[in-house]
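The numbers here are math on the coordinates, done by the rules we state, and not lab data. This structure is a prediction, so every number in the text was calculated from the model and none was measured. Positions of Cβ are generated from backbone atoms using ideal geometry, with glycine treated the same way; all protein chains shown enter the neighbour counts.
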Amino acid sequence: MNLGYYPGCALHGSSNDYEQSLRACLGALDVTLAEIDDWICCGATSAHSLNHKLAIALPARNLALAGRQGLDEMFAPCPMCSMQLLRAGQAMASDPLLRQEISAMVEAEVPNGTRVLNLIQVFQRVGLEKLKGAVKTPLKDLKPACYYGCLLVRPPSVVDFDDAEQPQSMETIVTALGAKPVAWGSKTECCGAGMTMAKTETVLELSGRILANAVAHGANCLVVACPMCHVNLDMKQGEAAAFLGTKFELPVYYLSDIVGMALGLSANQLGVDRHFVVVGGAN
Amino acid sequence: METTSGAEPAIPQVESLSRTHLAECYQCGKCTAGCPVAERMDIPPTRLIRLLQLGGGDSALRANSIWQCVSCQTCTTRCPKRVDCAAVMDALRQLAFERGLLPPAEQRTVLFQKAFLDNIRRHGRLNEIELIAAFKGAVFLRDRNLPFLFRDAGLAPQLAQRHKLHLVGEQARDRGVVARIFARATGANATNGGGR
């Protein structure tokens, strides 16, 4: 399977462990990635907070570049990017005049109907049977709390993926790999997202609550499919624990780490050894 | 009831930017009940929508709520009347920024968003080190807070050790088009709407 690929800034920045993980894991599943040539930032929270036009135009430029490459779908592993791409596409789908205006603005024809896939959808596309068949190391000791956060499932009018309140798609995948996901209460609570720098206390409080809830329900790790969630729950874990006056030692895996480990890939191949919280505290 | 001097009434603009009909809200309170940061807000989401219904656009634009919001989309998802509350928050932020109506205590968030956009405008892709330096520098110039300036400095060696620190950031090749997109978008937003 060959997929259009929009990495986004995080995966080419400090979340490069996520890109390493998904390239290793998807490579082992014969999924090849065709990166959008000369892609630009989607604008993220900063664009949609400050400038409405920019929040449509920046992702639209990427939709147009994908179209130039003949790609009518793309995999965006960051749910923020994913949502901005979907929103821009939808705003223009219902408004041909807007599409004309934005095409002129971004100096490229923005096509209609480009599909955008998140990481879970890529694994669904690979198929549960193929995943099961490829398992070399069943993850029988793993009790993950599958954490969806916000933008993988919300708002449903934009992302139209799984259930907004009780999603199960990650549980289905990790169960197929032999893991025993826990039932817990914070799977769609917000970690504080892009406020890590600007409003650190908000992030520490929200992320701390999520970590505490996962621990209280017997999880021995968290699984995420978002670079921002990983930063807040892994890199900020020590600070979040201190903020709540407690201690955590909960490894946070990208979903591609978990699948990769079941396929027999090593922590080093997946970049798991570059996380902040490493099993056994060996950081 | 709107008092913003000389500016267009905010409420029709909020409705058009957010594609939401504010009168739909019947004050059930689901948005506030699910909001992870409601207790940090001076005017929580339900009351903010009510304020807008009653014509209090100017007060809404000055509320700290709109800068506390983390855009988690829970309010929008749970609204039984399809009021896109998260989009209303975006619209209020955009208008407040455009009109320079920023609560002093919330300047830090705005400085971050501005530094982020300025970074993208110049490089096409985010340069994290430069963003942090620009943001911390701008905050320091405003409130001379030394602890904040160095607060995350300890992370740098830890990130470097994990090969997560890029001294030279990536850039898009066609940065000319990025700059033109920004110029067009900020022109379309009247005053200071972009990364300037």
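Things to note:
- Debye, to nearest 20: dipole size of the stretch A:133-281, +1 on Lys, Arg Cβ, -1 on Asp, Glu Cβ: 260 debye
- Peptide B:73-81 has a mean shielding of 5, counted as Cβ atoms of other protein chains within 10 Å of each residue's Cβ.
- Dipole magnitude of chain A, debye to nearest 20 (Cβ charges: Lys/Arg +1, Asp/Glu -1, about Cα centre): 420 debye
- Cα-based equivalent ellipsoid of the stretch B:41-189: semi-axis lengths in Å, sorted from largest, via gyration tensor: 32, 20, 16
- Set of lysines near B:K81 by C-alpha distance (under 19 Å), chain-local residues within fewer than 8 positions excluded: B:K30
- The per residue volume of the convex hull around the alpha-carbon atoms of the stretch A:85-178 is 121 Å³.
- Placing a label point 7 Å from the Cα of B:R19 along the Cα-to-Cβ direction, the residues of the stretch A:19-44 whose backbone N falls under 20 Å of that point are A:42-44.
- Packing order of peptides B:122-129, A:67-74, highest average first: B:122-129, A:67-74 (average count of other Cβ atoms within 10 Å over each peptide's residues).
- Shielding by partners for peptide B:51-64, expressed as the average number of C-beta atoms from other protein chains within 10 Å of each residue's C-beta, is 0.
- Between A:R125 and B:I129, the modelled labels are 3.5 nm apart [label points 7 Å from Cα along Cα→Cβ].
- Looking at the protein assembly as shown, the pairs of alpha carbons with a distance over 33 Å make up 34% of the total.
- Remark: relative contact order (chain B) = 19 percent; criterion is Cα-Cα distance under 8 angstrom and separation of 6 or more residues.
- The overall shape of the stretch A:36-117 is rounded: from the C-alpha gyration tensor, with semi-axes ordered a ≥ b ≥ c, the ratio a/c is less than 1.5.
- Residues with amide H under 5 Å from that of A:C221, placed H, sequence gap 5 or more: A:K143, A:A145
- Across peptide B:117-128, the average count of Cβ atoms from other chains found within 10 Å of a residue's Cβ is 5.
- Each part gets one Cα centre, and for the stretch B:59-80 versus the stretch A:31-104 those centres are 24 Å apart.
- Cα-Cα separations in chain A greater than 29 Å, expressed as whole percent: 31 percent
- More than 22 angstrom apart: percent of Cα pairs within the stretch A:148-275: 35 percent
- Inter-part distance where the stretch A:176-213 and the stretch B:114-141 are each reduced to a Cα centre, Å: 26 Å
- Each 5 Å bin, from zero up to the one with the longest distance, holds this percent of the alpha carbon pairs of the stretch B:104-188: 3, 14, 19, 20, 19, 14, 9, 3, 0.
- On the principal axes of its alpha carbon atoms, the stretch B:10-98 extends 28, 25, 19 Å, with the longest extent given first.
- Spin-label model, B:Q158/A:A34: points 7 Å from Cα along the beta carbon direction are separated by 4.1 nm.
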